[in-house]
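Peer 1: Okay, here's the structure, questions in a sec.
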Number of protein chains: 4
Amino acid sequence: MEIFESDAYQAVLEAVEKAEGRMAPKKRLAVLAALDCFAEYGYDGTSTKLIAERAGIAEATIFRHFPSKRDLLLRIAAPVVRHILTPAASREATELARQHAGEPRLILREVMLSRLHFMRVYEPLVKIVLQEILVNQDLRAIFEREVGGLFQQIAPIVAMFGPKTDLDRERFFRILGGLLLGYHLQRTLVSPDHGWSDEEEVDFMVGLIFDGLNATT
Amino acid sequence: MEIFESDAYQAVLEAVEKAEGRMAPKKRLAVLAALDCFAEYGYDGTSTKLIAERAGIAEATIFRHFPSKRDLLLRIAAPVVRHILTPAASREATELARQHAGEPRLILREVMLSRLHFMRVYEPLVKIVLQEILVNQDLRAIFEREVGGLFQQIAPIVAMFGPKTDLDRERFFRILGGLLLGYHLQRTLVSPDHGWSDEEEVDFMVGLIFDGLNATT
Amino acid sequence: MEIFESDAYQAVLEAVEKAEGRMAPKKRLAVLAALDCFAEYGYDGTSTKLIAERAGIAEATIFRHFPSKRDLLLRIAAPVVRHILTPAASREATELARQHAGEPRLILREVMLSRLHFMRVYEPLVKIVLQEILVNQDLRAIFEREVGGLFQQIAPIVAMFGPKTDLDRERFFRILGGLLLGYHLQRTLVSPDHGWSDEEEVDFMVGLIFDGLNATT
Amino acid sequence: MEIFESDAYQAVLEAVEKAEGRMAPKKRLAVLAALDCFAEYGYDGTSTKLIAERAGIAEATIFRHFPSKRDLLLRIAAPVVRHILTPAASREATELARQHAGEPRLILREVMLSRLHFMRVYEPLVKIVLQEILVNQDLRAIFEREVGGLFQQIAPIVAMFGPKTDLDRERFFRILGGLLLGYHLQRTLVSPDHGWSDEEEVDFMVGLIFDGLNATT
DNA sequence: CATGAATGAGCTTTCATTCAT
DNA sequence: GATGAATGAAAGCTCATTCAT
């Protein structure tokens, strides 16, 4: 199943394995195939039969390892949303803030680059989460809780960039998310062949955030 | 069926009717119910039986008017993506550019407000499109074509805001989209009960775009 | 609808009209389209929607003229089976027997040729009857009654060819039917492009019937 | 399910099993019930629900073993048309030709008797094939290919009966088919209660073929 | 005479899931 | 741990037919 050997898939696999413990080989295949199918056809557009076929295992094997299809989705998405996004991001930001104290531009640049790297690495999963979060209550709950936590943790750092009130910090957070999401969608969905340079785009976005458009272009 | 009398639903209905011609009463009900269900449960999460029940019509009636469920989705989503997004937006922008020549901030403000108004009015449809565009090839094709056309039409106006190269104009476009999408998701999904003021948020975003964060907060 | 202008279709139309009286134009179209579809897809394989489309009329119009689909089939097939097959065939045979008294070979030849001509002319209907008679009780009843009547009427003529007992006459009848059916299927279904000469084939079959294979080839 | 224990059904079952491999018990039931229903109501007149009920299994079980209803028909009909009709018939004819060299009447008699026995044993299937072959392209293709092959194989034996040219051999083939089909339909459909003796009828037909009617009756 | 709109009943097929082996 | 077999429920869709206009 060499289709599953890309970095993105291996990264998700590792993240899932951190929560599930060492997985049986066919369980791994199930996870990878599910990831692949969910990203391609969406959760509802993917049948367990399809997952089984793509994994080269029996349909019943999926249910030996996951009590339900819904659970399979959550057990794939949650660890990434939870263990990777949050602590990693905040730990990283804190570390960066320590290293580059007084150089907010640099901090922001590094954070954005690392978040984009993360989104690239977990690309199929990002797509799944985007898709399902609009509709799936469980996933939304997990997401909101984690993002809320993250917000708490890095609020002091955000403060370094100017925002003083809570509302302003939320805005800043939202703007960062919007810019990153917009770029990620463009580079992966709209113009995947454009030859994007993350550094260049991040520099542009950082410039925008700090100095606005006029100073940038 | 007073549930369907909100502005959002009526707006979509009108847009659909522009493409379908005058619709039979039960066809209208089918469109409205479909819209309602798709927005609530997603495309795949909605059964034609559910649509029929919510519309108070027979399931077969849906298929008398639309050859398939997939077609029903496209025939609802496409007119809005097509006839409303594109020409309206560009005509409006041109008009604004004429009125407020030399005041780019004002132009941008008005365009953003009107786009946000549009997203609010067509909220259920925006959600559907967001969901399906990641997975549905047909819808993606329609979307990309229309956005491409829109980009062509308003490129000269975008140029007024500073960007000189095509890439810069694309970036500007993407950033605008990212910011608007981020705000729309926050006001509708994340914190729907926070009493958002579109004017205030747009002013903030316009400030950011022109002067950057430091000058804004 | 020039597809319907072949001799076969017009012949059936005439036969049906003899039973139905002068038909409204759209009723004629319905009959022709039904004939065409039934012959192509079989009775069950043909939907009233398809008939309506092929006829270029509304589905409801079919039911204005025929109380049910089943009835439509019978009202097309019965007149041909009834009024054409039987009296024509026996009248013709009697006439031939009178003209060619003492020349059984000539009589048989003419009867076979005329039956083959008939099958050619009513080709689509022959196919429908063949198909449905195995399964449709009503049609089988009509067919058996008519064939029974025909058998009674021409028994004396059959006697001229040798068979003395009733069983032998039935056998003769069956053999004639089998040979004609076999040839008809071959010329229309199996090798429609072979350029068959009915005269030649009939001569062969007459030879076989009277003198056997050895004397023939 | 003692209804399925007749020789005819068991014979078809064996033939199907030769192509499908050893079948699961419920798969066998599905095949038998399908055979039964198809023969009684025709292909289109049979619903998968009816098959399931008659087999005493769940409807879904049918689709676990056969991808579609159409496929179920072909997977039942094809093996019989293919593996039974062709090689058996030709092997048998060759063998007979060896044993009864110089006695063409005897050979023909045995071949016809065995073919009639075959049609009797596979009676339900013969009916289905007759019905569907007029309308179903796939089945027609299989049939034509097999009959073509059979024709090639036994052409030398046919030559023993007199026909010299290819056309004459085809005619002989067609006549044999017509006679057999005519008798089979009479004994099963038209007068199933007349105590037919295959031997007697075959003798009659052989007589006809070799010496013609006059010498026979 | 003709039809557009509507439908209840039914169709084939797919679904996620269970269970004996 | 893994699977082939099985299934109840529900899916999307088609059917022949009715009726108001």
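The values are calculated or read from the model by the stated rules, or taken from the named source; none is laboratory data. In this text the structure is predicted, and so the values were computed from the model without any measurement. Glycine also receives a Cβ, built like all others from the backbone with ideal geometry; neighbour counts cover every protein chain displayed. Just so you know, the surface numbers come from the protein's heavy atoms only, side chains and all, with ligands and any DNA or RNA stripped out. Shrake-Rupley method; radii C 1.70, N 1.55, O 1.52, S 1.80 Å.
Peer 1: Which residues, taken from region A:20-38, are more than 11 Å from DNA strand E (Cβ to nearest atom) and within 14 Å of chain B (Cβ to nearest Cβ)?
Peer 2: Residue satisfying the conditions is A:ASP36 alone.
Peer 1: When you scan region A:48-72, how many residues do you find that are more than 14 Å from DNA strand F (Cβ to nearest atom) and within 13 Å of another protein chain (Cβ to nearest Cβ)?
Peer 2: So the answer is 1.
Peer 1: Let me ask you something else. What is the number of the single condition among (1) assigned to a helix (DSSP H, G or I); (2) within 16 Å of DNA strand E (Cβ to nearest atom); (3) charged (D, E, K, R) that D:GLU17 does not meet?
Peer 2: With respect to (1) assigned to a helix (DSSP H, G or I); (2) within 16 Å of DNA strand E (Cβ to nearest atom); (3) charged (D, E, K, R), D:GLU17 is out only on (2).
Peer 1: Return the residue satisfying two criteria in turn: it lies in region C:106-146 and is acidic (Asp, Glu) and without any contact (Cβ under 8 Å) to a residue 24 or more places away in the chain, and of such residues it is nearest to D:GLN186 (Cα to Cα). Write out each step before concluding.
Peer 2: Within region C:106-146, the subset acidic (Asp, Glu) is C:110, C:123, C:132, C:138, C:144, C:146.
If we keep only those that are without any contact (Cβ under 8 Å) to a residue 24 or more places away in the chain too, we end up with C:110, C:144.
On the way: C:GLU110: 25, C:GLU144: 11 Å.
That would be C:GLU144.
Peer 1: Among B:ILE175, B:ILE142, which is surrounded by 14 or more Cβ atoms within 10 Å (Cβ to Cβ), within 30 Å of A:ASP44 (Cβ to Cβ) and either of a type in the set (A, V, I, L, M) or more than 19 Å from the chain's Cα centre (by Cα) (or both)? Spell out the reasoning first.
Peer 2: Values: B:ILE175 fails: within 30 Å of A:ASP44 (Cβ to Cβ).
Step by step, each of B:ILE175, B:ILE142 is checked, and only B:ILE142 is surrounded by 14 or more Cβ atoms within 10 Å (Cβ to Cβ), within 30 Å of A:ASP44 (Cβ to Cβ) and either of a type in the set (A, V, I, L, M) or more than 19 Å from the chain's Cα centre (by Cα) (or both).
Peer 1: If you scan region C:39-59, which residues turn out to be among the hydroxyl-bearing types (Ser, Thr, Tyr) and either within 14 Å of DNA strand E (Cβ to nearest atom) or open to solvent by 50 Å² or more (accessible area, probe 1.4 Å) (or both)?
Peer 2: C:TYR41, C:SER47, C:THR48
Peer 1: Take the residues in region B:147-170 that are over 21 Å from the mean Cα position of the chain (by Cα) and among the small types (Gly, Ala, Ser), then tell me which one is nearest to A:SER191 (Cα to Cα).
Peer 2: B:ALA159
Peer 1: Would you mind finding the one in A:ALA15, A:ALA93, A:ALA11, A:ALA77 that is away from DNA strand F (no atom under 14 Å from the Cβ), touching a Pro at 6+ places or on another chain (Cβ under 7 Å), among the hydrophobic types (A, V, I, L, M, F, W, C) and open to solvent by less than 40 Å² (accessible area, probe 1.4 Å)?
Peer 2: Step by step, each of A:ALA15, A:ALA93, A:ALA11, A:ALA77 is checked, and only A:ALA15 is away from DNA strand F (no atom under 14 Å from the Cβ), touching a Pro at 6+ places or on another chain (Cβ under 7 Å), among the hydrophobic types (A, V, I, L, M, F, W, C) and open to solvent by less than 40 Å² (accessible area, probe 1.4 Å).
Peer 1: Residue check: is C:ILE84 at pLDDT 85 or above, under 26 Å from C:GLU201 (Cβ atoms), away from DNA strand F (no atom under 16 Å from the Cβ) and open to solvent by 20 Å² or more (accessible area, probe 1.4 Å)?
Peer 2: Criteria not met by C:ILE84.
Peer 1: Out of A:LEU74, A:LEU50, which single residue is under 23 Å from the mean Cα position of the chain (by Cα) and either part of a helix (DSSP H, G or I) or basic (Lys, Arg) (or both)? Please lay out each step first, then the result.
Peer 2: On the way: A:LEU50 fails: under 23 Å from the mean Cα position of the chain (by Cα).
Every option except A:LEU74 fails the conditions.
Peer 1: Can B:SER191 be described as assigned by TED's automatic domain parsing to the domain that holds B:GLU103, within 16 Å of A:PHE173 (Cα to Cα) and of a type in the set (Ser, Thr, Tyr)? Full working, then the answer.
Peer 2: Numbers: assigned by TED's automatic domain parsing to the domain that holds B:GLU103: yes; within 16 Å of A:PHE173 (Cα to Cα): yes; of a type in the set (Ser, Thr, Tyr): yes.
Spelling it out, B:SER191 is indeed assigned by TED's automatic domain parsing to the domain that holds B:GLU103, within 16 Å of A:PHE173 (Cα to Cα) and of a type in the set (Ser, Thr, Tyr).
Peer 1: Let me ask something else about it. Being touching a residue at least 12 places away in the same chain (Cβ under 8 Å) and either within 23 Å of D:GLU144 (Cα to Cα) or open to solvent by 20 Å² or more (accessible area, probe 1.4 Å) (or both) is the filter here, so list the residues in region C:197-206 that pass it.
Peer 2: Correct list: C:ASP198, C:GLU199, C:GLU201, C:ASP203.
Peer 1: Can I ask one more? Name, by its number, the condition in (1) modelled with pLDDT under 90; (2) away from every other protein chain (no Cβ under 14 Å); (3) not in a loop (DSSP other than H, G, I, E, B) that does not hold for B:GLY102.
Peer 2: B:GLY102 satisfies all of (1) modelled with pLDDT under 90; (2) away from every other protein chain (no Cβ under 14 Å); (3) not in a loop (DSSP other than H, G, I, E, B) except (3).
Peer 1: Considering only region B:20-47, state which residues are within 10 Å of DNA strand F (Cβ to nearest atom) and over 22 Å from the mean Cα position of the chain (by Cα).
Peer 2: B:SER47
Peer 1: Just the residues that are touching a helix residue (DSSP H, G or I) at 6+ places or on another chain (Cβ under 8 Å) and within 15 Å of A:ILE128 (Cβ to Cβ), please, taken from region A:55-78.
Peer 2: A:LYS69, A:ARG70, A:LEU72, A:LEU73, A:LEU74, A:ARG75, A:ILE76, A:ALA77, A:ALA78
Peer 1: May I ask you to verify whether D:ARG91 is within 14 Å of chain C (Cβ to nearest Cβ), of a type in the set (Lys, Arg) and more than 27 Å from D:GLY45 (Cβ to Cβ)?
Peer 2: Spelling it out, it is not the case that D:ARG91 is within 14 Å of chain C (Cβ to nearest Cβ), of a type in the set (Lys, Arg) and more than 27 Å from D:GLY45 (Cβ to Cβ).
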